[in-house]
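The values are calculated or read from the model by the stated rules, or taken from the named source; none is laboratory data. Keep in mind it's a predicted model, so treat the numbers as computed, not measured. All Cβ positions, glycine included, derive from the backbone under ideal geometry; neighbour counts span all protein chains shown.
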Ligand SMILES: NC(=O)c1ccc[n+]([C@@H]2O[C@H](COP(=O)([O-])OP(=O)(O)OC[C@H]3O[C@@H](n4cnc5c(N)ncnc54)[C@H](O)[C@@H]3O)[C@@H](O)[C@H]2O)c1
């Protein structure tokens, strides 16, 4: 087991990519704190993990609010005594043409995708520094953090910001043996991408941009997250790991 006796916290893990990461980490021996907004889905993840003999805590909490995240961390430390791995995965994307993005939508994307990543990272890193035995923080960016997609100026900006936050943290926290990396998924089949997946013509066109000609699955990202969380990546920090079926390699 690659995460035996580790304590991991995964935001946005009631659904989609985060859920696949939480399940994968638990199967590799980690105790997992699962955070999300959908109570029924949180219960399902809890039952799945505990049904397989894993240890899990669930939190119906909103990552935007520091007070809620402080309370989550207090509960995790109170019960399991430490924190080794954090995945800042919670995120939203509401495609809108640049000329139509409202201030409210801009702020919502900044708060959930970018500010919350800062808040949870800072709380977690302070705890890891106190523990004195390092840790791994994984930021969920996107291919949209490395190149721009139309109608997603707000989303693209949050994901680019996450990559620079990740590098800044990697620089400052390396001396404490805290590694910080990002994951940059391409198109993954989840609730977030359902509107495009449900439109056969649009998805047909979109697939032409992906050299592997298929959409990725949440488990593809969970496998990469497991590598970044485990000691197998012990010499990696400050890195954006792209998992996109070749999409970013394409010039035309
Ligand atoms: N699906 C993709 O193609 C894709 C590609 C690149 C990056 N990503 C990123 O991966 C992450 C997960 O995306 P997904 O596709 O699994 O999405 P999803 O919609 O399936 O799941 C989102 C998760 O985030 C949680 N969440 C949303 N807002 C929250 C908040 N304010 N507080 C707490 N939890 C909140 C939800 O409860 C849910 O668990 C996001 O950061 C997204 O930007 C997704």
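Would you point out which residue out of 186, 160 is free of Cβ contacts under 8 Å to residues at least 40 places away in the same chain, touching a helix residue (DSSP H, G or I) at 6+ places or on another chain (Cβ under 9 Å) and within 30 Å of residue 41 (Cβ to Cβ)? Give the derivation first.
On the way: 186 fails: free of Cβ contacts under 8 Å to residues at least 40 places away in the same chain.
Step by step, each of 186, 160 is checked, and only 160 is free of Cβ contacts under 8 Å to residues at least 40 places away in the same chain, touching a helix residue (DSSP H, G or I) at 6+ places or on another chain (Cβ under 9 Å) and within 30 Å of residue 41 (Cβ to Cβ).
For the structure I just gave you, tell me whether residue 199 is surrounded by 14 or more Cβ atoms within 10 Å (Cβ to Cβ) and more than 12 Å from the ligand (Cβ to nearest atom). Considered against the rule, which asks whether it is surrounded by 14 or more Cβ atoms within 10 Å (Cβ to Cβ) and more than 12 Å from the ligand (Cβ to nearest atom), residue 199 comes out as no. Among all positions in segment 53-72, there is at least one residue which is under 19 Å from residue 230 (Cβ atoms) and surrounded by fewer than 16 Cβ atoms within 10 Å (Cβ to Cβ). Whenever a residue of segment 14-27 is at pLDDT 95 or above, its partners that are more than 13 Å from the ligand (Cβ to nearest atom) and not in a helix (DSSP H, G or I), lying with C-beta atoms within less than 6 angstrom and at least six residues away or across chains, give the pairs 22/32; 25/3; 25/8; 25/32; 26/32; 26/54.
With respect to residue 221, is the statement that it is within 19 Å of the chain's Cα centre (by Cα) and away from the ligand (no atom under 12 Å from the Cβ) true?
Details: within 19 Å of the chain's Cα centre (by Cα): yes; away from the ligand (no atom under 12 Å from the Cβ): no.
Here the answer is no, as residue 221 does not meet what is asked.
Sort out which residues of segment 177-194 are away from the ligand (no atom under 11 Å from the Cβ) and not in a strand (DSSP E or B), and write them in order of number.
Pass one, segment 177-194, residues away from the ligand (no atom under 11 Å from the Cβ): 177-181.
Once the filter is applied, which keeps residues that are away from the ligand (no atom under 11 Å from the Cβ) and not in a strand (DSSP E or B), segment 177-194 yields only 177.
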